[in-house]
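The next block holds one structure in the form of structure tokens; read it before the comments.
The values are calculated or read from the model by the stated rules, or taken from the named source; none is laboratory data. This one's a predicted model, so the numbers in the text were calculated from it and none came from an experiment. Cβ placement follows ideal geometry from the backbone for every residue including glycine, while neighbour counts extend to all protein chains displayed.
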Amino acid sequence: MRHWLYMACAIITEVIGTLAMKYGHSHNAHLLGLGVMYVMLVLSYTTLALAIARIPLAVAYGAWESLGLVLITLCSAWLFAETLGVLKIVAITVIIAGIVLLEHGTEEKPHAKGAGGSHAA
């Protein structure tokens, strides 16, 4: 369960970083936007690295990119008045369906207690 929390943090910090970049550009605060973006992306990659200790890489990376894309698209429509037409809504639906299919088709790496290896879990 802890690794899925890392995954959620990785996605949320990626979204915040990307939105900060756009916010800084559109509000004449380029350095602030870039600064927040850099910090959030470092946190995002760090928590993604923690998540893949138990979550298969294909699932983790797929969810990170895809859910990040969906959230960025929805937040951009809300915060920056970007259009959210029928085609984008269909694309979001297909992306979410793909994530669900990928997750159901991949088994989580078992937690090996006392088997040597990584102590990160």
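Quick notes
- In the range 66-110, of all residues being among the hydroxyl-bearing types (Ser, Thr, Tyr) and assigned to a helix (DSSP H, G or I), the one that is nearest to Lys22 (Cα to Cα) corresponds to Ser76.
- For the range 17-36, residues that are surrounded by fewer than 20 Cβ atoms within 10 Å (Cβ to Cβ) and part of a helix (DSSP H, G or I) total 12.
- Flag if Ala112 is modelled with pLDDT under 85, surrounded by 10 or more Cβ atoms within 10 Å (Cβ to Cβ) and in contact with a His (Cβ under 9 Å, 6 or more places away or on another chain): no
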